[in-house]
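Presented below is the structure to which this report refers.
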Amino acid sequence: MSCLYDGGVLDTDQLAAARLQETELLSWSLLTWEEAEPRLSPSMALRVRAALDALARGCAPVEPEDGIAPATP
């Protein structure tokens, strides 16, 4: 199982106050979709795109299967 969560938009102060678990991370970055897509595996890119699309449509959460969001009635 792979889960992806939207943490919302952080302002400058919130971002500065964030404390990451450095022992659990090899690296991290804040990226636009255009910057992130080429860095992602094809399957993860499908998941992230489905999440971004659901967020834009205001219909989150979504549970995609193999990165494909289920059809809506």
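Any idea what the dipole of the chain comes to, in debye rounded to 20, about its Cα centre with Lys/Arg Cβ at +1 and Asp/Glu Cβ at -1?
80
Rounded to the nearest 10 degrees, what's the angle between the helix 42-57 long axis and the longest principal axis of the chain, both from Cα atoms, 0 to 90?
Rounded to the nearest ten degrees, it is 80.
Once the piece of chain linking Ala36 and Val48 is laid out straight, how much longer is it, given 0.36 nm per residue of separation minus the C-alpha distance between them?
3.4 nm
Scan [x] 51, 34, 22; [y] 59, 30, 20; [z] 42, 25, 24 for the value of Cα extents along the principal axes in Å calculated from this model and give just the label.
[z]
Readers should treat all values here as calculations from the given coordinates under stated rules, not as data from a laboratory. These numbers were taken from a predicted model, which means no experiment stands behind them. Positions of Cβ are generated from backbone atoms using ideal geometry, with glycine treated the same way; all protein chains shown enter the neighbour counts.
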